[in-house]
1. With θ set to phi - 60°, apply the Karplus curve 6.51 cos²θ - 1.76 cosθ + 1.60 along region 61-71 and write out the HN-Hα couplings as whole Hz, x wherever there is a Gly or Pro.
2. Across the Cα atoms of region 70-131, what radius of gyration and what greatest pairwise Cα-Cα distance (Dmax) are found, in Å?
3. Assign one of three labels to region 59-176, namely rounded, prolate or oblate, based on the Cα gyration tensor with a ≥ b ≥ c the square roots of its eigenvalues; rounded applies when a/c is under 1.5, prolate when it is not and a/b is larger than b/c, and oblate otherwise.
4. Taking all protein chains as present, what is the carbon and sulfur share of the accessible area of region 57-166, in % to the nearest whole number, probe 1.4 Å?
5. Using the Karplus curve 6.51 cos²θ - 1.76 cosθ + 1.60 with θ = phi - 60°, work out ³J(HN,Hα) for each residue of region 41-53 in order, rounded to whole Hz, and write x for Gly and Pro.
6. Taking H as built 1.01 Å from N, whose amide H comes closer than 5 Å to the amide H of Phe113, not counting residues under 5 places away?
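The values are calculated or read from the model by the stated rules, or taken from the named source; none is laboratory data. Note that this is a predicted model, so its numbers are computed, not measured. Please note that ligands, DNA and RNA were not included when accessible areas were found on the heavy atoms of the full protein model with its side chains. Shrake-Rupley method; radii C 1.70, N 1.55, O 1.52, S 1.80 Å.
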Amino acid sequence: MWRLAAVTAALALASGASAGAGRDAGDPAPTTASPGTPVQAVAAALAFAAHDDPEVAVVDGYATLPSAVQRGERPIDPAGGHANPCARPPGQRFTSTELAAIRAAFHGRTVSFIGDPATGLLERQPGSLLLVATRPLLGDRRGTVMVISCVPDPQQVLVNVRWDGHAWQATPTGAG
C-alpha cells in the first residue's frame, strides 16, 4: 500500500514540476497545452514581412535553403550553389490546411499563391510583393522563419516568432 502511495506522490510531483518547465518566471501560464502548428508560425511571419500591403503573392511551398541561411548567418548565394528561391518552384506545394492557415494570418487582405515564382514575377505588376518562406526553426515557445522578398531582388528577412499561449506572433528583431 505504501508503494502505491509513493508512486502516486512521485507522479503528482513530476507532473506539477513539468507543468512549469520551460517557462520564464514572468511568463503567464500557457492557455494551450502546446504551440500551434509550424505553418501558423510561417503564416505569422509572412503576414509580418508583408507589412500592410493590401495584395501579396506567396510562393506555394517552402523554399529549401541551407540551415545557415535559414538562421540568418549567411546570405543566399546562387553563385555558391544555393538555389534562388525566387527563380524556381519549390519541390512540394502547401497542403490545403497550410494554405488556409496562411490566408487566415492576412486577416482579409488579398493573398494569392504562385507555383512558379519566375513566371509569377513576370505576370505581376512591377514592384508587386512576392514572398517565399522556408520551414520554420522552432523551439518550444520561440523560433525564426526566413522569409524572402523577391522584389526587386531576393532579400532575406529573418522573422522572430513566439508562442503567446494562443497563437504564433511575429516580433520585431530585438523584441521578445
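1. Per-residue couplings from phi come out as x, 7, 6, 9, 9, x, 4, 4, 5, 4, 7 Hz.
2. Expressed in Å, the Cα Rg and Dmax of region 70-131 come to 13.8, 39.
3. Values: a/c = 1.72, a/b = 1.20, b/c = 1.43.
Because a/c hits 1.5 or more and a/b fails to exceed b/c, region 59-176 counts as oblate.
4. Values: 2790 of 5600 Å².
Carbon plus sulfur share of accessible area: 50 percent.
5. After applying 6.51 cos²θ - 1.76 cosθ + 1.60, I find 5, 4, 4, 4, 5, 5, 4, 5, 5, 7, 6, 10, 4 Hz.
6. Placed amide hydrogens put Val58 under 5 Å from Phe113.
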